[in-house]
Amino acid sequence: MQTSAVIGVLAFWLFTMTVAHHSAGQVNNVMTRYTPEVPPGKNGDYKAIRKKLQDVVVLRVSEEQGLVPLIEYMDRSGIQGQYIARLLPDAKHVQIRRIIKEPERRQQVKFNRDKDFLILRNISKSNLDDLRQLIDAIAEIEQDIELFLAAKYCKEYNDGNGRYKWGLDALDGNALNGKYNIWGDGKEIDVYVADTGINPNHEDLTGRVTIGWPTSTSVDNHGHGTQVASIIGGTKCGLAKRANIISLKVCSNDVCYVSDMMDACLWAKQRVQSTGRLSVINFSFDGTFSRSMNDAVDDLLAAGIPAIVAAGSSNKDACYVSPASTPNTLTVGAFNERFVKSFFSNDGPCVDLYAPGEVIEVADFPGNNQFTTLSGTSMAASFVTGAVAALLQVLRDNGTISSPSAQVVNYANEYIIKYALPGKLTGVGEANFALSTPCLDI
């Protein structure tokens, strides 16, 4: 993978304050409201998105008569010999097993009756041709793609004077006044971090990290996941300073696959359904538009789990990026200390709001007590994830919510936008909202 592709966006979280804390700032009342409709640019019209990507030769869609549609990527993000087959409802697997005889080359990932997939590995051209004959079992075959972490590294260490905590400071609309408000601390809220793993021994996160999926190997060997987690819930760098952090290691070093992300999403969904705990999930990576990836995120939303997604750090339209284009996620762009849209941040109608994303202090990977600074929409998304975790704690404590549901997703999406600062940013056209976390009167 090219170094330029491994751009990760990271940012984490705030000061511990009591839920009913009143400061000199404005106090806002929590009220039950309905969530706004999905923005027009985020309507889940995958056919229109694919058509646009075909026009610019990013992908190729083969739809010959009598064959299963095949989606392949032409931008070098596709993984050779690896595909995701979307099965028809109640499809029989016998014919597929006859073609792909080795069990290790096929793996079922079933979210529900209508979202049933087989991940296919080491598939030859002849295997693929045979699979495309199975029009009674397979709806489409999409090539697996590689995802990219969304951060820019500068490795500038904090000198201890608070200079690099401007991201937290900016949550009240003033990045230079040395103070900010936060509406909660995320106590007993579960935050799933789909990334490179997490270092559970870093002092910013000690005692609150659970090694999730896969259970044996989800410790961080790259750094990006630890850095993202510290913005979400670090005691020094983060917002939700008492939240539980669960690691989903969907990337190993610099390599991330949609198929791994789908496995992790299913694991997270089943765990949330088993525990019944209020939860939120963070995706600080992006890749070329993938219907399979968006469907996996959509299934988490349907299970009552708010999903926060980095818009991407390639200065392009986020509607052609996954999972940023998934309807009902909170897709987050980045701004700098001057409240100007970051030069690298994706934008467009699929971006819901912006959060701090340049020169953000984070937990550093090599040691357990070091810190550094990073830039990217990964950071920005992490700020919003922390804010959502704190918000869910507030809504739970005042009796508005108690367990995962569609309404939990609605509340998270609506209140984050409701309390964001409108018109604060320059360089932004649509969705000119800057993340803000004022005190709430409950």
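The values are calculated or read from the model by the stated rules, or taken from the named source; none is laboratory data. Just so we're clear, the structure is a prediction, and the values are computed from it rather than from any experiment. No Cβ is skipped: glycine too gets one built from the backbone with ideal geometry, and neighbour counts run over all protein chains shown.
Some observations on this one:
- Hey, Cys237 closer than 19 Å to Leu147 by Cβ and crowded, with 24+ Cβ neighbours inside 10 Å or not: no
- All conditions but one from (1) among the hydrophobic types (A, V, I, L, M, F, W, C); (2) crowded, with 24+ Cβ neighbours inside 10 Å; (3) within 26 Å of Leu118 (Cα to Cα) apply to Ala303; the one that does not is (2).
- Scanning the range 267-297 for residues that are small (Gly, Ala, Ser) and either assigned to a helix (DSSP H, G or I) or touching a Pro at 6+ places or on another chain (Cβ under 6 Å) (or both) yields Ala268, Ser274, Ser292, Ala296.
- Verdict on Phe383 being surrounded by fewer than 21 Cβ atoms within 10 Å (Cβ to Cβ), closer than 24 Å to Asp172 by Cα and at pLDDT 95 or above: no
- Condition check for Asn369: modelled with pLDDT of 95 or more and either over 19 Å from Gly173 (Cβ atoms) or not acidic (Asp, Glu) (or both): no
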